[in-house]
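Encoded as structure tokens, the structure appears first; notes follow it.
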Amino acid sequence: MSADAGTLPRLSLADIRAARKQLGERVLTTPVQLLFGPSVEAAFAPGTHAFLKLELFQRTGSFKPRGALLNVLALSEAERARGICAISAGNHAIATAYAARCVGTSAKVVMTASANPFRIEQCRLYGAEVELASDVHAGFRRVKEIQETESRAFIHPYEGLRVSLGTGTLGVEFMEQVPDLDAVVVPIGGGGLASGVSTAVKLMRPDCEVFGVEPFGADSMYRSFAAGGPASIDKVATIADSLGAPFATPMSYALCRAHIDELVRVTDQELVAAMRFLLEHARLAVEPAGAAATAALLGPLATRLAGRRVGLIVCGANIDAAGFARLVGS
């Protein structure tokens, strides 16, 4: 694989399969569930079949360990001795804490003050030191200070070849589990998940379409596509804080731009409706980001993907009972 400046990073199936072997039992091969029943058939366009890739059952409750672990495993002994740091609304912070425990190092994570209390507690249970920042922009500034003053290795939440290799393992799994998908819908925050999944899908099934979905209040990748390069947003304004990346980055943008056929956006109201839908019809209690792909199929992609076999990535479920009830009951 290569990532020369100004060129598209090249990830092969061999690279992705080697990454999966390296991850080993530290990550799980998550199951797939077909949505079915009269009420499901009524909700989707006729003939549409939706397959859920249940990455919420991954270790730490989201897809994030796939990339975080690959980055931590690549550190030298000296780097591990100095510890690692990360910035996250929650899922990447938990995954970084888990990765640190796997290799026997320390983790200091910066989270936004609005982060769900369940996520903060999970980080601490894995042994991480947690700092809270006022917002994601302040969080990125603080983690840079930690990296420089404490010489900790920064584990980026969504940028880098190893992040994309890690999430590529999810894409390969999904295509092997349901080899005749017509389309895959993947949530986008910073693009780490989408960059790897979309690359893997196109390597295995070039005719399978890939759609990215973002919330309107955190649409940095949508704006980047429109601008023709990585763009940023002033603030994150969505209940799907796991998708609240303040800016796109060169590598994840390049891979998404090359392999994603179309981006769509969903409202917070559509996310809540999809959370309720997954609870009622799949018995899954997911965080807002975990419902994003379903929201897209129920909403902006309903007509476009009518009558097709569609893969939906349920990317995470790190939310406490009170927070979930507050959202779905609203």
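Just so it is clear, none of the values below were taken in a lab; they were calculated from the coordinates. Note that the structure is predicted; figures quoted are calculated from it, not measured. Note: ideal-geometry Cβ built from the backbone for every residue, glycine included; neighbour counts use all protein chains shown.
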- Query: Sorted from fewest to most neighbouring beta carbons within 10 Å, what does the list R162, R80 look like?
  - Reply: R80, R162
- Restricting attention to the alpha-carbon atoms of segment 133-248, what are Rg (one decimal) and Dmax (integer), both in Å? 15.8, 50
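Going from the alpha-carbon gyration tensor of the chain, what semi-axes, largest first and in whole Å, does one get by taking the root of 5 times each eigenvalue? Mind showing how you got there, number by number?
Working: eigenvalues 167, 98, 69 Å².
Over the Cα atoms of the chain, the semi-axes work out to 29, 22, 19 Å.
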- Item | All Cα pairs of segment 40-186, percent lying beyond 18 Å | 59 percent
- Query: Mean shadow of segment 187-238, computed from the convex hull of its alpha carbons, in nm²?
  - Reply: 3.8 nm²
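Find the Cα radius of gyration of segment 96-139, compare it with 2.2 N^0.38 Å by division, and give the number to two decimals.
My calculation over the Cα atoms of segment 96-139 gives 1.14.
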- Message: To make sure I understand the rule: partners must be aspartates and glutamates, Cα under 16 Å from the Cα of K21, and not fewer than 8 residues away in the same chain. Which ones qualify?
- Response: E173, E176
- Message: With a 10 Å cut-off between alpha carbons and a GNM built on the chain, which of P246, P179, P230 moves the most?
- Response: P179
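In nm², what is the average projected area of the convex hull enclosing the Cα atoms of segment 10-121? Provide the component values of the computation, followed by the final result.
Details: hull surface 41.0 nm².
Average projection, Cα convex hull of segment 10-121: 10.2 nm².
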- Compute the separation of the alpha-carbon centres of segment 246-285 and segment 105-176 and state it in Å as a whole number. 20 Å
- Message: Once the cut-off is 13 Å, how many percent of the Cα-Cα pairs in segment 7-67 end up in the long-distance tail?
- Response: 72 percent
- Along its principal axes, what span do the Cα atoms of segment 117-166 show, with the longest given first and each in whole Å? 30, 25, 21
- Item | Set of lysines near K108 by C-alpha distance (under 22 Å), chain-local residues within fewer than 8 positions excluded | K64, K144
- Message: How would segment 208-330 be classified by its alpha-carbon gyration tensor: rounded, prolate or oblate, with rounded meaning a/c under 1.5 and the a/b versus b/c comparison settling the rest?
- Response: oblate
- Spatial extent of segment 266-330: Rg and Dmax, with the Cα atoms as the point set, Å: 11.6, 37
